[in-house]
Amino acid sequence: MENRKYMTVDGRAVEIAGEKNVLEVISKAGIELPVFCNDMEFPVYGHCRLCMVETGDGALVAACSTEPREGMTIKTNTEELKGHRRTILKLMLENPVPDRLRELAEWMGVVETTSV
């Protein structure tokens, strides 16, 4: 008898099959989250905060550094999360940034601000 483990991502059951973090399970479900640390080859520990997701109890966690658990419920695109990601990107764009960050901001509809 096979003992499969599942978590729920945006209302859909997704099997956990060796993924080391929630971001991998979300990607397996075909959902794209904004991430920056993976592109810059930083160690994965949730420092950029762009991949934040909401758990079933309402907590916000970094998908890249959260281990998937059986029965876990995740929302990936609530209004609160969208606002959080826009704020983080705007703050990051206040400093000189790599082209990849500008591309990510454009993909998320964040207009670059300029400091004088």
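Name the single residue, out of those in segment 40-59 being among the aliphatic types (A, V, I, L, M) and over 14 Å from LEU23 (Cβ atoms), that is modelled with the highest pLDDT. It would help to see each step written out before you state the result.
Residues of segment 40-59 among the aliphatic types (A, V, I, L, M): 40, 44, 50, 52-53, 59.
Right, trim to over 14 Å from LEU23 (Cβ atoms) and you get 40, 59.
Values: MET40: 50, ALA59: 94.
Applying the filter and picking the extreme gives ALA59.
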Q. What single numbered condition from (1) in contact with a Phe, Trp or Tyr (Cβ under 8 Å, 6 or more places away or on another chain); (2) in a loop (DSSP other than H, G, I, E, B); (3) modelled with pLDDT under 95 fails to hold for GLU32?
A. (1)
Q) Does at least one position in segment 71-91 carry a residue that is among the acidic types (Asp, Glu) and modelled with pLDDT of 95 or more? A) no
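The values are calculated or read from the model by the stated rules, or taken from the named source; none is laboratory data. Not measured: the values here are computed from a predicted model. Counting neighbours? That spans all protein chains shown, and the Cβs are built from the backbone with ideal geometry, glycine included.
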